[in-house]
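One structure below.
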Amino acid sequence: MMRPARLAVGVVSAGRVGSVVGAALTRAGHTVVAASGLSNASVRRAEQLLPDVPLLPPDEVARRADLVLLALPDDALAGMVRGFVATGSLRPGQIVVHTSGAHGIDVLAPAAEAGALPLALHPVMTFTGRAEDLDRLTTCSVGVTATEGDEAAWNVGEALTVEMGAEPVRVPDEARALYHAALAHGANHLMTLVADCGELLREAGIAQPERLVAPLLSAALDNVLRHGDRALTGPVARGDLGTVRKHLAVLAERGPDVAPSYRALAKRTLARGDAAGLLDASAAAELTELLSDPADPAEGQQNQ
């Protein structure tokens, strides 16, 4: 694997991701020469994770860097890259990296036309912007995308990832949207699901719901990663029609905001369990009718 030379890194901007990735590159032996950041939170992160690094306007950060790290919101990337090119802030031979999961390298096309090497390096983890993220980074994967057929570029992206202690995973440019949708569906929606679970338990009078759900959800995650659909448990997988009906009824009354997602996920669980051969045909048919019937009493209560 080709090892990048020691690089002068410019971080645009010092948010939760940029500050941590910049610190990881510093730990790997590169030098963060400048960063951008206007908010108080960005300034504090830079002070903690990128000490003594000057905070400058983005175009000045880019001009000083061999590696320009764009840790920006997805919708801000294209405009920033175009602005850099329009102001002559990029030069041939620079490496321009973004950390967005949703974008591949197409968003960096103006930089590539200016002679820069475009890379997408997406750390597959959630960031707090604190020092502990540096340790978490060493246990995660990074989705690497480079120009198709440019093996040297792929090697640079993989080498930078390995230097930060993470595991590189090649993601073809055309697969980035589906790749990111899968990760967002799993991670972001899991957070929503767990938060909803905690609220329902508090509604039920449970004072510390996390004590109940932490071991349960940890075991469920471990089981599905090890065994896939064979790990499905619960009333839908067992075909317990009465229990599912009771759940729908109580959620319509006590958790109307959660009831639609319960129904939708129960339908998806039913489809996966049925495909895996976990339910007999009659139970699957009855559950399908219950979960899809808008006249069901539970759904009727919800819509009142």
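The values are calculated or read from the model by the stated rules, or taken from the named source; none is laboratory data. Fair warning: this is a prediction, and the values are worked out from it, not measured in the lab. FYI the Cβ positions are ideal-geometry reconstructions off the backbone, even for glycines, and counts take in every protein chain you see. Note: accessible area is taken over every heavy atom of the protein model, side chains too, but ligands, DNA and RNA are not part of it. Shrake-Rupley method; radii C 1.70, N 1.55, O 1.52, S 1.80 Å.
Quick notes on this structure:
- All conditions but one from (1) within 21 Å of His122 (Cα to Cα); (2) in a helix (DSSP H, G or I); (3) open to solvent by 30 Å² or more (accessible area, probe 1.4 Å); (4) in contact (Cβ under 8 Å) with a residue 40 or more places away in the chain apply to Ala24; the one that does not is (3).
- Among the candidates Ala62, Ala78, residue that is crowded, with 24+ Cβ neighbours inside 10 Å, of a type in the set (Gly, Ala, Ser), touching a residue at least 24 places away in the same chain (Cβ under 8 Å) and touching a helix residue (DSSP H, G or I) at 6+ places or on another chain (Cβ under 9 Å): Ala62
- Those helices (runs of 4 or more DSSP H) of the stretch 158-269 in which at least 2 residues are open to solvent by 40 Å² or more (accessible area, probe 1.4 Å), considering only elements entirely within it, cover 176-203, 209-227, 241-254.
- Test: residue in the stretch 38-45 that is open to solvent by less than 40 Å² (accessible area, probe 1.4 Å) and either at pLDDT 95 or above or under 20 Å from Arg91 (Cβ atoms) (or both): no
- Members of the stretch 115-133 found to be farther than 22 Å from Gly186 by Cα and surrounded by fewer than 18 Cβ atoms within 10 Å (Cβ to Cβ), listed by number: Gly115, Arg130, Ala131, Glu132
- Qualifying residue in the stretch 104-114 (condition: assigned to a loop (DSSP other than H, G, I, E, B), small (Gly, Ala, Ser) and out of contact with any Gly (no Cβ under 6 Å at 6 or more places or on another chain)): yes
- When Ser89 is tested against the conditions (1) open to solvent by less than 60 Å² (accessible area, probe 1.4 Å); (2) closer than 18 Å to Arg130 by Cα; (3) assigned to a loop (DSSP other than H, G, I, E, B), the lone failure is (2).
- Condition check for Leu193 on (1) touching a residue at least 60 places away in the same chain (Cβ under 8 Å); (2) within 15 Å of Gly273 (Cα to Cα): one failure, at (2).
- Residue match in the stretch 52-62 (condition: acidic (Asp, Glu) and part of a helix (DSSP H, G or I)): yes
- Among the residues of the stretch 117-131, just one is more than 20 Å from Asp74 (Cβ to Cβ) and at pLDDT 95 or above, namely Leu117.
- Pairs with Cβ under 7 Å, 6+ apart, first in the stretch 236-251 and of a type in the set (Asp, Glu), second open to solvent by 40 Å² or more (accessible area, probe 1.4 Å): none
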